[in-house]
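The values are calculated or read from the model by the stated rules, or taken from the named source; none is laboratory data. All figures in this text were calculated on a predicted structure; none of them were measured in a lab. Using ideal geometry, Cβ is built from the backbone for each residue, glycine included, and neighbour counts are taken over all protein chains shown. Just the protein is used for accessible areas: all its heavy atoms, side chains included, with ligands, DNA and RNA removed. Shrake-Rupley method; radii C 1.70, N 1.55, O 1.52, S 1.80 Å.
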Amino acid sequence: SYDRGATVAGVVGVGRLITGMDRGLQGMCVNERRHLIVPPHLGYGSIGVAGLIPPDATLYFDVVMLDIWNKKDKLQITSLSKPERCNRTVENSDFVRYHYNGTLLDGTPFDSSYSKDSTYDTYVGTGWLIKGMDQGLLGMCAGEKRSIIIPPFLAYGEKGYGTVIPPQASLVFSVLLVDFHNPKDGISLEHLEVPEPCKRRAVTGDFVRYHYNGTLMDGTLFDSSYSRNHTYNTYIGKGYIIPGMDQGLQGVCMGERRRVLIPPHLAYGENGAGDKIPGSAVLIFDVHVIDFHNPADPVEIETVYRPQGCNLTTRHRDFVRYHYNCSLLDGTKLFSSHDYEKPQEVTLGTNKVIEGLNSGLLDMCVGERRVLIIPPHLGHGESGARGVPGSAVLRFEVELISMEEGVPEGYLFIWHGEPPESLYEQMDLNKDGEIPADEFSTFIKTQVAEGKGRLMPSSDPEKVIADMFKNQDRNQDGKITSEELKLKSDEDQEKIHEEL
């Protein structure tokens, strides 16, 4: 047979072979070698074969068994390894991606996907594969390894395939199922950790900041936000991300961890992406949602403690002292006034603190404690600040320590009643017809001490008085004359008159 370059194929035990060969092949295993001595009466007898085998010739055969099969044979499927978790197995009409090594029954290799550095990708049960492989892939889990032995009538039959698969050859496939999906599949969600309580869930139009690890179904990592030490920030439900992730982030809670399994038609499709995501790949994202907000969100205020009998609350222009702890919603501490010797101080409504904190400090009583949730558009915005990530939602714990009633915008001092009719004469303490800075300062301090008026609240009243004097000293000669001294209300009326 070696001279002819073709194996011998035949059915054993039905009289198609000489009796000696029929008997000599019985019980042989694949790759077994036998030396058969066949006497004439079990060979070609007294007739022989004209020109080839003399009459009454004893025959010697050196036989190697390459393949065996029977018409009653079925697939021989052996699971070599299987993942612990298997939520779903291959069914007809699924699209599969698998690696394989293909050999004949004697171990002769004929093909391998590994040599092509690419999986074999196809539909199951639709006639695109040989019948044996169509059947042998059914019931497999992603990540499972199988040995599939296919008899020739479920493979390439009497014709074989090209020069690599002989006629009537049984085939052995070692298969590793990389992933599979069905074109009708939607995303699959697994809720790994859901915080309690969950006051709000993300919806279309929300801006979400999250960390993720992205893997293929075989566990190959293709991307991770952790490696960049930066969250992925995006709007959901608006087409800024792949459709599967747009859907997979709907309904998340802040702090939630979930796994999103995305079929390729909701990810990167047949073409894949770059050199890390193959075509038709199923993607798995393990997501940790840090925070989310909507551009229309106001400051969320939760009153933790409010003293009884509180009648006076903070307003714009009031000067307040407060303690605070500031953190991200995942608990990461950012800043705290307790790290310093004294509370934070600010005049409300003067753009000295972020808008959300200013709003959260309004209408508070001294001693009151609040928790403020501040969206980024009322915080530090898309750019963030030193120590604050871009687009971060901030959590403030605030306690109002003290407050001083403020003055209207543009004023440094206001009277509690009507100002004196002869204001300049009273302010001119030594009656010399002019008011230097020391006389001005003494007079204002006296009015504050007697409760007749109040200064713009500040940690430095001397500076406020100095600014008042400078405003009244029109020619900056170090003294105020009667012509220079004007009440703020009178100045405002003069401006209105001039505009008219």
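Scanning the range 1-43 for residues that are open to solvent by 80 Å² or more (accessible area, probe 1.4 Å), out of contact with any helix residue (DSSP H, G or I) (no Cβ under 9 Å at 6 or more places or on another chain) and among the charged types (D, E, K, R) turns up ASP3, ARG4, ARG33. The single condition among (1) crowded, with 21+ Cβ neighbours inside 10 Å; (2) of a type in the set (S, T, N, Q); (3) not assigned by the TED database to the domain that holds SER391 that THR314 does not satisfy is (3).
For first residues located in the range 427-455 and under 19 Å from PHE319 (Cβ atoms) and among the polar types (S, T, N, Q), partners that are open to solvent by less than 80 Å² (accessible area, probe 1.4 Å) and at pLDDT below 90 and lie 6+ apart or on another chain with Cβ distances below 6 Å form the pairs GLN447/GLY453.
Contact map, the range 92-116: residues that are without any contact (Cβ under 8 Å) to a residue 24 or more places away in the chain paired with residues that are buried (at least 16 other Cβ atoms within 10 Å of the Cβ) and in a loop (DSSP other than H, G, I, E, B), Cβ distance under 7 Å, separation 6+ or inter-chain. Pairs shown: SER113/THR119. If the condition is being assigned to a helix (DSSP H, G or I) and either touching a residue at least 40 places away in the same chain (Cβ under 8 Å) or open to solvent by less than 60 Å² (accessible area, probe 1.4 Å) (or both), then the range 240-278 contributes GLY244, MET245, ASP246, GLN247, GLY248, PRO264, HIS265, LEU266, GLY269.
Candidates ASP121, ASP117: the one that is farther than 30 Å from TYR2 by Cβ, of a type outside the set (Ser, Thr, Tyr) and touching a strand residue (DSSP E or B) at 6+ places or on another chain (Cβ under 7 Å) is ASP121. Restricted to the range 255-269, and to residues there that are in contact with a strand residue (DSSP E or B) (Cβ under 9 Å, 6 or more places away or on another chain) and either small (Gly, Ala, Ser) or modelled with pLDDT under 95 (or both), the residue that is nearest to GLU190 (Cα to Cα) is GLY255.
Based on this model, can you work out whether GLY157 counts as among the small types (Gly, Ala, Ser) and farther than 27 Å from ILE77 by Cα? Judged against the criteria, GLY157 is not a match.
Looking at the range 140-156, is at least one residue of a type outside the set (Ser, Thr, Tyr), surrounded by fewer than 17 Cβ atoms within 10 Å (Cβ to Cβ) and assigned to a loop (DSSP other than H, G, I, E, B)? No, every residue in the range 140-156 fails to be of a type outside the set (Ser, Thr, Tyr), surrounded by fewer than 17 Cβ atoms within 10 Å (Cβ to Cβ) and assigned to a loop (DSSP other than H, G, I, E, B). For the range 144-177, the tally of residues that are more than 20 Å from ILE68 (Cα to Cα) and at pLDDT 95 or above stands at 6. The residues of the range 158-191 that are surrounded by fewer than 15 Cβ atoms within 10 Å (Cβ to Cβ) and over 37 Å from the mean Cα position of the chain (by Cα), listed by number, are GLU158, LYS159, GLY162, THR163, VAL164, PRO167. Mind checking whether some residue in the range 72-79 is touching a Phe, Trp or Tyr at 6+ places or on another chain (Cβ under 9 Å) and open to solvent by 40 Å² or more (accessible area, probe 1.4 Å)? Yes, the range 72-79 contains at least one residue that is touching a Phe, Trp or Tyr at 6+ places or on another chain (Cβ under 9 Å) and open to solvent by 40 Å² or more (accessible area, probe 1.4 Å).
The residue of the range 407-425 that is nearest to the chain's Cα centre (by Cα), among those that are open to solvent by 90 Å² or more (accessible area, probe 1.4 Å) and within 17 Å of GLU483 (Cα to Cα), is GLU421. Counted as qualifying within the range 321-388 are the strands (runs of 3 or more DSSP E) with 1 or more residues that are within 26 Å of THR234 (Cα to Cα), aliphatic (A, V, I, L, M) and open to solvent by less than 20 Å² (accessible area, probe 1.4 Å), namely 369-374.
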